[in-house]
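K.L.:
Can you keep this structure in mind? I'll have questions shortly.
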Amino acid sequence: MNLTCDFSTRTVLVTGAAHGIGKAIAEFFRTAGARVAVADRDATELEKAWGSPSQTVLPVAMDVADPASVASGVGIIVDTWGSVDIAVNNAGIARDSVVWKLTDDQWKAVLDVHLGGTFNVTRAVVPHMRKAGFGRIVNVTSYTGMHGNVGQANYAAAKGGIIAFTKTVAKETARFGITANAISPNAATAMVAAIPAERLAEMTETVPLGRFADPSEMAAAVAFLASEEASYITGVVLPVDGGVSM
């Protein structure tokens with residue numbers, strides 16, 4: 001069997017698509033022939049990244065933490081293209097602090113975007129996938145969600161919740177021809193670029209492959225999980241992390 005990476009009949013929604021991993025995922029799907037709805041809560045950054053709507057790209061201003069915003073955004077996509085076949089829940093933020101200094105707002109903001117956003121989008125797209133008898137949901141989690149990290153109790157809780165959520169959705173939707181999976185990435189994003197050089201060097205040394213990935217390498221993994229060839233894979237967390245999680 002040859003992997004075709006042909007998504008020419010599919011409509012894909014990618015959240016957090018104005019930059020980083022989300023933008024790379026959306027670009028990969030567009031190159032593979034999909035119609036791509038690129039969503040982000042920052043409409044200005046979204047326009048900078050993608051410009052005006054076209055036959056293959058539909059920018060959608062969407063705050064994944066807001067159920068009404070998600071419902072409206074998904075409605076626009078379905079009205080425009082008729083379906084949402086693949087949903088990639090990538091949107092995320094960081095509000096780091098040790099637990100005894102973590103504020104209510106910092107806790108809630110991270111949980112609302114990561115875990116709440118993944119739920120809001122999934123809830124909105126699954127009825128359309130059920131109707132079509134086909135769907136692919138790919139969520140972005142983290143090594144931190146499995147192992148924790150100092151100063152990131154909120155982020156770890158959210159990402160760990162996404163893993164449990166993914167497995168539950170996989171069980172609930174399998175009978176409708178829908179799969180739900182997650183990736184655990186380790187890529188050179190703006191968040192990584194903000195890490196002090198000395199600390200970044202230490203972190204890089206812990207990666208068996210000796211580097212942080214380019215965001216496009218995450219995109220390829222997401223595309224595989226969304227492909228026809230991965231139709232018998234559901235409920236898994238795929239580490240795309242250069243061996244960090246071994």
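The values are calculated or read from the model by the stated rules, or taken from the named source; none is laboratory data. All figures in this text were calculated on a predicted structure; none of them were measured in a lab. Every residue, glycine among them, receives a Cβ derived from its backbone with ideal geometry; neighbour counts consider all protein chains shown. To get the accessible areas, we keep the full protein, side chains included, count just its heavy atoms, and leave off ligands, DNA and RNA. Shrake-Rupley method; radii C 1.70, N 1.55, O 1.52, S 1.80 Å.
K.L.:
Which entries of K23/K159; K101/K167; K131/K171; K108/K167 have Cα-Cα distances beyond 26 Å here? Don't skip to the answer; put the middle values down first.
P.N.:
Numbers: K23/K159 20 Å; K101/K167 32 Å; K131/K171 17 Å; K108/K167 23 Å.
Among K23/K159; K101/K167; K131/K171; K108/K167, the Cα-Cα distance tops 26 Å for K101/K167.
K.L.:
Along the principal axes of its C-alpha atoms, what lengths does the stretch 194-233 span, in descending order and rounded to whole Å?
P.N.:
That works out to 43, 20, 11 Å along the principal axes.
K.L.:
Starting from the Cα gyration tensor of the stretch 177-216, multiply each eigenvalue by 5, take the square root, and state the resulting semi-axes largest first in whole Å.
P.N.:
After scaling each eigenvalue by five and taking roots: 26, 12, 8 Å.
K.L.:
Could you identify which residue out of I183, I76, I25 has the top mean-square fluctuation in a GNM of the chain using Cα springs shorter than 10 Å?
P.N.:
With Cα springs under 10 Å in the chain, the top fluctuation among I183, I76, I25 is at I76.
K.L.:
Taking every eigenvalue of the Cα gyration tensor of the stretch 88-207, multiplying by 5 and rooting it, what semi-axes result, largest first, whole Å?
P.N.:
Here the semi-axes work out to 30, 16, 11 Å.
K.L.:
Quick one, what does Rg over Rh come out to for the stretch 50-103 if you take C-alpha atoms and the Kirkwood Rh?
P.N.:
Here Rg/Rh amounts to 1.14.
K.L.:
Still on this structure, please answer the following. Please report Rg (one decimal) and Dmax (integer) in Å for the Cα set of the stretch 1-156.
P.N.:
Values for the stretch 1-156 (Cα only, Rg and Dmax): 16.1, 53 Å.
K.L.:
Over the chain, what is the relative contact order in percent, taking alpha-carbon pairs closer than 8 angstrom and at least six residues apart?
P.N.:
Across the chain, relative contact order equals 19 percent.
K.L.:
Suppose every K and R has +1 on its Cβ and every D and E has -1 on its Cβ; what is the size of the dipole of the stretch 162-242 about the Cα centre, in Debye to the nearest 20?
P.N.:
Rounded to the nearest 20 debye, it is 340 debye.
K.L.:
Convert each backbone phi in the stretch 9-18 into a coupling constant with the Karplus relation 6.51 cos²θ - 1.76 cosθ + 1.60 (shift: θ = phi - 60°), then list the ³J(HN,Hα) values in order as whole Hz, x for Gly and Pro.
P.N.:
These are the phi-based 3J(HN,Hα) values: 9, 10, 10, 10, 10, 10, 8, x, 9, 7 Hz.
K.L.:
How large is the Kirkwood hydrodynamic radius of the stretch 1-90, in angstrom, based on all distinct alpha carbon pairs?
P.N.:
12.8 Å
K.L.:
Within the stretch 135-231, which trypsin sites (Lys or Arg not before Pro) sit in a loop by DSSP and count at most 12 neighbouring Cβ atoms inside 10 Å?
P.N.:
Passing sites in the stretch 135-231 are R211.
K.L.:
Let me ask you something else. Taking Rh as the Kirkwood radius, which is the inverse of the mean 1/r over Cα pairs, what is the Rg/Rh value for the stretch 24-65?
P.N.:
0.96
K.L.:
Share of the stretch 115-235's accessible area from carbon and sulfur, percent, 1.4 Å?
P.N.:
Details: 3250 of 5540 Å².
Carbon and sulfur together cover 59 percent of it.
K.L.:
Now, a different point. Considering every Cα-Cα pair within the stretch 147-246, what fraction, in whole percent, is farther apart than 21 Å?
P.N.:
43 percent
K.L.:
At most 15 other C-beta atoms within 10 Å and a DSSP loop state: those are the exposed chymotrypsin sites (Phe, Trp or Tyr not before Pro) I care about. Give me the longest piece of the chain that has none.
P.N.:
My reading of the result: 101-231 is the longest stretch.
K.L.:
May I pose another question? Given a 1.4 angstrom probe, what's the average accessible area per residue across the chain, in square angstrom?
P.N.:
Per-residue accessible area for the chain comes out at 47 Å².
K.L.:
Step through the residues of the stretch 34-51 one at a time and calculate ³J(HN,Hα) from phi using the Karplus curve (6.51 cos²θ - 1.76 cosθ + 1.60, θ = phi - 60°), rounding each to whole Hz and writing x for Gly and Pro.
P.N.:
Running phi through 6.51 cos²θ - 1.76 cosθ + 1.60 with θ = phi - 60° gives 6, 8, 10, 8, 9, 10, 6, 7, 9, 4, 5, 5, 4, 5, 4, 7, 10, x Hz.
K.L.:
So, with a 1.4 angstrom probe, what is the percent of accessible area on the stretch 4-68 that is carbon and sulfur?
P.N.:
On the way: 1360 of 2840 Å².
Here carbon and sulfur together make up 48 percent of the probe-accessible area.
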